[in-house]
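Below is one structure, written out as structure tokens, with a few remarks after it.
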Amino acid sequence: MKKKSLALVLALALMVVGAVGGTLAWLTAKSDVVTNTFTTSNIKVELKETQGETVEGGREFKMIPGYAISKDPKARVLPGSEECFLFVKLDKAANFDNFLTYEMANDWTKLEGVTDTVYYREVLTADMDKAYSVLKNDQVTVKGDVTKEQMNDMDAGKIAKPTLTITAYAFQLYKSAGVKFSAKEAWDNITTK
């Protein structure tokens, strides 16, 4: 009888444990899936000019001694670009300074320590797509002492016509989060690539 009673108690205990264990629910959770896709970044720059007569390879301007010539090159960093240094490089023909003068537009800084004539500015996200004039008052000035004889010599091919070539470049502003390149480092990275 003791064995039957013990067996009955054990059977009842197993039924209770089974009933309780079967009704227990375990708490679980799963987060939403986050997929990270890494895309490329870029900088796009343009240089446009509307003044002057369009000729093969550029624009042509007529010189009149003492007159200012409208010349409006504008550099722009296009939307969607990264924050960057915007550079303009001005290449003058050897005889340019004999005939013409110009001044840089405001807010361009001359890059020191380079042999080229290079100016720069920083372009932040809020300034993307803004057109920056390269030349003050969008003009160059013909020197007043240029003579008719010099111009005749140019027409005859005895003296080369003065040229001014402008090129715009851009380079990323930051080398790592919150750490900027110097303008010189940025320019050196452009010219060595």
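The values are calculated or read from the model by the stated rules, or taken from the named source; none is laboratory data. Please read these numbers as outputs of a predicted model, since none were measured by experiment. Glycine also receives a Cβ, built like all others from the backbone with ideal geometry; neighbour counts cover every protein chain displayed.
The table for this structure:
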| quantity | calculated |
| --- | --- |
| Any chance residue 4 is at pLDDT 65 or above, of a type in the set (Lys, Arg), over 30 Å from residue 70 (Cβ atoms) and in a loop (DSSP other than H, G, I, E, B) | no |
| For residue 48: the one exception among (1) surrounded by 12 or more Cβ atoms within 10 Å (Cβ to Cβ); (2) modelled with pLDDT of 85 or more; (3) of a type outside the set (A, V, I, L, M) | (1) |
| Residue ID - surrounded by the most Cβ atoms within 10 Å (Cβ to Cβ), chosen from residues in the stretch 51-85 that are of a type in the set (Ser, Thr, Tyr) and touching a residue at least 40 places away in the same chain (Cβ under 8 Å) | 81 |
| Selection count where residues are under 18 Å from the mean Cα position of the chain (by Cα) and within 15 Å of residue 168 (Cα to Cα), scope the stretch 82-108 | 7 |
| The stretch 140-157 - residue that is charged (D, E, K, R) and more than 42 Å from the chain's Cα centre (by Cα) and, of those, surrounded by the most Cβ atoms within 10 Å (Cβ to Cβ) | 153 |
| Residue 151, sole failed condition from (1) modelled with pLDDT under 95; (2) outside any helix (DSSP H, G or I) | (2) |
| Criterion: modelled with pLDDT of 95 or more, among the aliphatic types (A, V, I, L, M), closer than 18 Å to residue 44 by Cβ and surrounded by 13 or more Cβ atoms within 10 Å (Cβ to Cβ) - qualifying residue of 168, 105 | 168 |
